[in-house]
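Working notes, beginning with the structure itself.
The values are calculated or read from the model by the stated rules, or taken from the named source; none is laboratory data. This one's a predicted model, so the numbers in the text were calculated from it and none came from an experiment. Don't worry about glycine lacking a Cβ; one is built from the backbone with ideal geometry, like all the others, and counts go over all protein chains shown.
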């Protein structure tokens, strides 16, 4: 018959010898500990799950098919008991046995015959270790909650999709497991001029996120002194002057910045170390027509990028801008390198990452309009990446349809 577990206990003793159980119980109780006892492996496992004690004392040799080593393995695999200090009582003094016990997850060993002074010291150390581990887990959970809240705040700053002509915009933002530094925005400077940009801060964590949101707020409020926001090159120069990496904990960022004039259908753009935006002259549904020889005619693509150092790397950097015409019903794709730079731990069996050229091929082939999820799947799934767990970098993507 299994004895009911003490709902609150500091130490659980698992031993089939009634004399040893009694001695250990009395000695530990004299030290002020609350002690629960179990006679068998089954009873020990049951009580451990019920009371989750900070310290477990368990004899290596127990009757039946489950010994102390197996109990240790099972309890260390349990999320609620992995932090408990497991002290294995054994008569084996051989190094191989001690190594086997430690590899199974035992935190310490007690040699028979048990020295009471040593027992007191090891139990005290086990209690301290368990408390420290639990405190660390609690702090880790607190930090994870804080980071999740920060990530939620960053996402709340991003603009919502719009399907109102003359420009329809859809976006996707998939954050990595760490708080990252991607940010993007679009808004009308006046009824005729639309601003669009995407930036990517170096590194990860809270520092990268703080810098990206700071830049977003500066651009959204147009608070760069003496800056003509209709000129992409001047915007980048002002950002570079304001956000030098020496003042930003050695962090810099890349950015693609464009201004679209809906009246003359002209796009002015400039970039600072960022991947090119991709302009498709027409969607594949109308572009994949056959020529006189019956061959398919693919949509025309343009890579929109200008030379320039990332923002913050070098002071007094000069940036250049370019202009292009936007054909009717064309599509512009702006993205961060997280879309195509898949980390080595998530590459395909061939050991190759997706790469920019392959991603652009996916853009051309992907159905339109508004198939961003399918585009991301085309880009990510061939490399066996689980977008809910394996992303090492933020993934940001904008699709802009100029109707």
(request) Tally the residues that are part of a strand (DSSP E or B) and within 38 Å of the chain's Cα centre (by Cα), restricting the search to the range 51-104. (result) 6
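Please go through the range 281-320 and pick out each residue that is in a loop (DSSP other than H, G, I, E, B) and at pLDDT below 50.
Those that are in a loop (DSSP other than H, G, I, E, B) and at pLDDT below 50: 283, 288, 291, 292, 293, 294, 295.
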(request) Search the range 186-213 for residues being out of contact with any strand residue (DSSP E or B) (no Cβ under 7 Å at 6 or more places or on another chain) and without any contact (Cβ under 8 Å) to a residue 12 or more places away in the chain, and hand back the single one that is nearest to residue 336 (Cα to Cα). (result) 210
(message) Filter the range 85-108 down to the residues that are at pLDDT below 85 and surrounded by fewer than 16 Cβ atoms within 10 Å (Cβ to Cβ) and list them by number.
(response) 91, 93, 94, 95, 96
(message) When you check residue 69 against the structure, is it in the same structural domain as residue 24 (by TED's automatic domain parsing), over 13 Å from residue 11 (Cα atoms) and in contact (Cβ under 8 Å) with a residue 12 or more places away in the chain, yes or no?
(response) yes
(message) Please go through (1) at pLDDT below 80; (2) within 21 Å of residue 303 (Cβ to Cβ); (3) in contact with a strand residue (DSSP E or B) (Cβ under 8 Å, 6 or more places away or on another chain) for residue 391 and return the number of the only condition it doesn't satisfy.
(response) (2)
(request) Specify the residue that is nearest to the chain's Cα centre (by Cα); the eligible residues are those in the range 115-136 that are within 17 Å of residue 15 (Cβ to Cβ), in contact (Cβ under 8 Å) with a residue 60 or more places away in the chain and buried (at least 16 other Cβ atoms within 10 Å of the Cβ). (result) 126
(message) Name the residue that is surrounded by the fewest Cβ atoms within 10 Å (Cβ to Cβ), counting only residues in the range 227-253 that are farther than 17 Å from residue 315 by Cβ and out of contact with any helix residue (DSSP H, G or I) (no Cβ under 7 Å at 6 or more places or on another chain).
(response) 230
(request) Specify the residue that is farthest from the chain's Cα centre (by Cα); the eligible residues are those in the range 355-388 that are closer than 28 Å to residue 194 by Cα, in a helix (DSSP H, G or I) and at pLDDT below 85. (result) 365
(message) Restricting to the range 216-237, give me the number of residues that are within 14 Å of residue 272 (Cα to Cα) and either within 31 Å of the chain's Cα centre (by Cα) or modelled with pLDDT under 95 (or both).
(response) 2
(message) Among the residues that make up the range 19-34, is at least one of them closer than 22 Å to residue 103 by Cβ and under 42 Å from the mean Cα position of the chain (by Cα)?
(response) no
